[in-house]
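Below is one structure, written out as structure tokens; the observations come after it.
Here, each number is a calculation from the coordinates, and none is a lab measurement. Since we're looking at a predicted model, the values are computed, not measured. When we count neighbours, we look across all protein chains shown, and the Cβ atoms used for this are built from the backbone with ideal geometry, even at glycine.
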Amino acid sequence: MMPNPFSNRDIISTLDFSKVDIEYLLEVAGRMEDIARQGSRVLANKILASIFLEPSTRTRLSFDAAMKHLGGQVIGFSDWDKSSLKKGETLSDTLKVVQGYSDILVIRSEWEGAARYASEILDIPVINAGSGAQEHPTQSFLDLMTIQRERHRLDGLTVGICGDLTYGRTVHSLLPLLVNYDVKLKLISPQQLKVRREDKMLLESKNVSFEEMEAIDTVIPSLDVLYMTRIQRERFRSEEEFLRVKGYYVLTSSLLKNARKELLVMHPLPRINEIDPSVDVLPQAVYFKQPRYGMLLRMALLGLIFDAF
Amino acid sequence: MMPNPFSNRDIISTLDFSKVDIEYLLEVAGRMEDIARQGSRVLANKILASIFLEPSTRTRLSFDAAMKHLGGQVIGFSDWDKSSLKKGETLSDTLKVVQGYSDILVIRSEWEGAARYASEILDIPVINAGSGAQEHPTQSFLDLMTIQRERHRLDGLTVGICGDLTYGRTVHSLLPLLVNYDVKLKLISPQQLKVRREDKMLLESKNVSFEEMEAIDTVIPSLDVLYMTRIQRERFRSEEEFLRVKGYYVLTSSLLKNARKELLVMHPLPRINEIDPSVDVLPQAVYFKQPRYGMLLRMALLGLIFDAF
Amino acid sequence: MMPNPFSNRDIISTLDFSKVDIEYLLEVAGRMEDIARQGSRVLANKILASIFLEPSTRTRLSFDAAMKHLGGQVIGFSDWDKSSLKKGETLSDTLKVVQGYSDILVIRSEWEGAARYASEILDIPVINAGSGAQEHPTQSFLDLMTIQRERHRLDGLTVGICGDLTYGRTVHSLLPLLVNYDVKLKLISPQQLKVRREDKMLLESKNVSFEEMEAIDTVIPSLDVLYMTRIQRERFRSEEEFLRVKGYYVLTSSLLKNARKELLVMHPLPRINEIDPSVDVLPQAVYFKQPRYGMLLRMALLGLIFDAF
């Protein structure tokens, strides 16, 4: 049996993980649904510190539920305006204090590099729950898990990624996972929000087939996966320009008329208007299944870090 | 033995429950004090999602404690200004996400109908922890439990309800429970805050004896129960008018001079000035016992919904 | 065997505890590290209510983690602006409600005397987690534990306490513990922030050797312990005066050149600039060990109050 590659490991960036690591994680995650239903006490002695310095509902609650399904406990704060940080304490000092109380740290911050920094100054494992516009590795792991569980394979798929490909951290974290598979990528974005130069270099170095485009309607029939993301209004120079692009990228049920039956429509959520509610009832919509996969994925990750399975 | 009528059931409005249901619940709730003291693990695999979109101390902590006394876990948020709702996500989307993490939802909202709506779009059971001015079913169950436990009966009692009978959700939720019993109601309120038309119709259709009045002092000697509620300043057209009514409804120890020894003075809390602190030490004051009954009642309800007893 | 002096006891002020009590507590606290690692269920049926009416990270999370390491549960709030207190409820009423849900109360408040008041109106044990500028007993117990664990003795030590000796509650709580031991005190502060008259009277009544001074550099070589505290800018009449004093009391690695090898540099945290980060790497710096001792100390205290060991 292969040794557990996640034992006592920091989870900072998807770039840090090999295909072998990823497959190992997905395999374990696939066994979590039963454990979530039956309950488990494998992390009964462990305390997770959950430090959210940016708004979050789903990620915070997802780690919270994952830890508790394994019998573990959670401490932490998301009301950072009432914490000692407000009194003028540095993040570094706060983290060293919290380390004294806990066995693992989950951190979200608007500061890029915050999670990496935390992992360098602390002795306990650190999980990045979103750092600025850079990384959100557990989101990308769960995205991959969703595709694998719903389509039973990753190789051979044509994957469209649509929206803000420049600033979206979910896109930037997902690409390093997808390059491990034989996928064709359709990168759909307005001119101003094309995929980053470093991401393009990654795709080229791995010989991944990809195409950049602005129109979404013509490409939909060829897709196995359509990953929608939120476009953030504040990136645009004028409201008019934003509205034109926004109009392009509202996915409606009529846009999906010629889509494949097995297409997966995904979204990291929260959505604002990128997907019309008429899509919610279509069999292709899996974005409300993603949070469940996310919790299961995080259960697997927490259990593996503590070598509990 | 009667089948459990609460199995997997939503708790939205007291109007949804028959006398048989109510008696079943009270019977089980009566057995919870021992379990609260000894602890229990019957809900060890269950996660309750606690979503409070309006300020609350007692109800939120009461469900929290009830779940934990049964070995269950709680996730959720009450800092709604930091949640994804703030990012523009709809309540519907937030709830669908949270459903992926949990086995039951408890929700409070200022929006009337929020809990009913949640119960319609979700597959897990939903408990209404207060929806606008409309409903607060678990408060009313605990009010009933308080009377039953402190007086050992419900039939034959004369019950005074005093204060804001128009907008108070605790009154509106309590009446559908009381109509199942042989009670006489004294509805004490200022002219502007009389009981709602629909509530009056309910009382008439059930042939409940009731009387509306403005004065409190003359009726006190005839009461077995006096249920005080908060009058909200903002309902009045002038401060002067508010102050006059406010003066009427400050319950003092001298007002209770001619009260029955076995009178129960109740209040859903928080109180502001409706009950003078001099009343707190009287044997009739049971309003600080109500929170304990509330926790026990919620333990019973949670356990029954999961068929855990 | 000596009976447990903490059984069912309120923890309000360090003045309430004898040397025998203190030694008993430190002895039990010394056994908590193993329990923290292995986990325990001795408080499995207990619920701690955590009521923080003032900002706090470390103390709140410390009690939270301590309770959970012993298998107990925690409810409470630190978002006091959303609680019923905001609706106009008195603290007294809120506490009586919370008592119905819990087995022990931990309270922090800016109001001096809040914890004492809580202990008088409630039947469950109350722990003071900081009351205004007055008391912070569990901080002082952990300070004492830190010295004892790191130096293996308390008698015979020369202890410097530096900073705001007038308003700092950690100083005011620590002195009544230190007077039980054969220590020499060096009280280092600006003229405006000398130790309080009542503290000086305590030291004199106990025949404790102490010296007041303003300069820190000359005294450092004689110290076994240097307890730094935060000076609060708002106490000073002019910014200029504050900056001059502030300059005095930034502990740097060069100031520690002639310090003893075994010196313990302590700080209750959060620090702002009283200790330069260059000190963090010195062997004398133990302030990031203090939070861990704090959690262990609170485990001991909670377990003892419930007679669980």
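Evaluate the stretch C:216-223: report whether one residue or more is closer than 20 Å to C:Glu112 by Cα, surrounded by 22 or more Cβ atoms within 10 Å (Cβ to Cβ), in contact with a strand residue (DSSP E or B) (Cβ under 6 Å, 6 or more places away or on another chain) and not charged (D, E, K, R). I'd like the intermediate steps shown before the answer.
Quick first cut of the stretch C:216-223, residues closer than 20 Å to C:Glu112 by Cα only: none.
No, the stretch C:216-223 contains no residue that is closer than 20 Å to C:Glu112 by Cα, surrounded by 22 or more Cβ atoms within 10 Å (Cβ to Cβ), in contact with a strand residue (DSSP E or B) (Cβ under 6 Å, 6 or more places away or on another chain) and not charged (D, E, K, R).
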Residue by residue through the stretch A:271-283, note down the ones that are crowded, with 20+ Cβ neighbours inside 10 Å and either over 19 Å from A:Leu243 (Cα atoms) or aromatic (Phe, Trp, Tyr) (or both).
A:Val279
Within the stretch B:167-214, the residues that are under 18 Å from B:Gln232 (Cα atoms) and either among the hydrophobic types (A, V, I, L, M, F, W, C) or assigned to a loop (DSSP other than H, G, I, E, B) (or both) are B:Tyr167, B:Gly168, B:Val171, B:Leu187, B:Ile188, B:Ser189, B:Pro190, B:Leu193, B:Lys194, B:Val195, B:Arg196, B:Glu214
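Among the residues of the stretch C:144-155, are any within 26 Å of A:Leu48 (Cβ to Cβ), in contact (Cβ under 8 Å) with a residue 40 or more places away in the chain and more than 10 Å from chain B (Cβ to nearest Cβ)?
Yes.
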Return yes or no: is B:Ser102 of a type outside the set (A, V, I, L, M) and part of a helix (DSSP H, G or I)?
no
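Please pick out the residue among A:Glu214, A:Glu241, A:Glu204, A:Glu274 that is charged (D, E, K, R) and within 25 Å of A:Asp16 (Cα to Cα).
Working: A:Glu214 fails: within 25 Å of A:Asp16 (Cα to Cα); A:Glu241 fails: within 25 Å of A:Asp16 (Cα to Cα); A:Glu274 fails: within 25 Å of A:Asp16 (Cα to Cα).
Step by step, each of A:Glu214, A:Glu241, A:Glu204, A:Glu274 is checked, and only A:Glu204 is charged (D, E, K, R) and within 25 Å of A:Asp16 (Cα to Cα).
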Identify all residues within the stretch C:265-287 that are under 18 Å from the mean Cα position of the chain (by Cα) and assigned to a loop (DSSP other than H, G, I, E, B); write none if there are none.
C:His267, C:Pro268, C:Leu269, C:Pro270, C:Arg271, C:Ile272, C:Glu274, C:Val286, C:Tyr287
Looking at (1) more than 10 Å from chain C (Cβ to nearest Cβ); (2) under 30 Å from B:Arg41 (Cβ atoms); (3) without any contact (Cβ under 8 Å) to a residue 12 or more places away in the chain, which is the only condition B:Arg292 fails?
(1)
Specify which of the listed residues (B:Ala259, B:Ala300) is closer than 25 Å to B:Arg31 by Cα and away from chain C (no Cβ under 14 Å).
B:Ala300
Criterion violated by A:Lys186 - all others in (1) touching a strand residue (DSSP E or B) at 6+ places or on another chain (Cβ under 9 Å); (2) among the basic types (Lys, Arg); (3) closer than 30 Å to A:Ile51 by Cβ satisfied:
(3)
If you check B:Leu25, B:Leu61, which single one turns out to be buried (at least 23 other Cβ atoms within 10 Å of the Cβ) and either among the aliphatic types (A, V, I, L, M) or closer than 13 Å to B:Leu304 by Cα (or both)?
B:Leu61
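Of all residues in the stretch B:233-259, which are part of a loop (DSSP other than H, G, I, E, B) and within 12 Å of B:Pro190 (Cα to Cα)?
B:Phe236, B:Tyr249
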Among the residues of the stretch A:153-193, write down those that are hydroxyl-bearing (Ser, Thr, Tyr), buried (at least 23 other Cβ atoms within 10 Å of the Cβ) and over 15 Å from the mean Cα position of the chain (by Cα).
A:Ser189
Out of the residues in the stretch A:65-74 that are of a type in the set (A, V, I, L, M, F, W, C) and in contact (Cβ under 8 Å) with a residue 40 or more places away in the chain, state the one that is nearest to the other protein chains (Cβ to nearest Cβ).
A:Ala65
Matching residues in the stretch C:109-141 (assigned to a loop (DSSP other than H, G, I, E, B), touching a Gly at 6+ places or on another chain (Cβ under 9 Å) and under 13 Å from C:Leu95 (Cβ atoms)) number 1
If you take the residues of the stretch B:18-64 that are within 27 Å of A:Leu43 (Cα to Cα) and of a type in the set (Val, Ile, Thr), which of them is farthest from the other protein chains (Cβ to nearest Cβ)?
B:Val42
Got at least one residue in the stretch B:97-106 being within 11 Å of chain C (Cβ to nearest Cβ), under 21 Å from A:Phe52 (Cα atoms) and crowded, with 22+ Cβ neighbours inside 10 Å?
no
Among the numbered criteria (1) out of contact with any Phe, Trp or Tyr (no Cβ under 6 Å at 6 or more places or on another chain); (2) free of Cβ contacts under 8 Å to residues at least 40 places away in the same chain, which one does B:Leu48 miss?
(2)
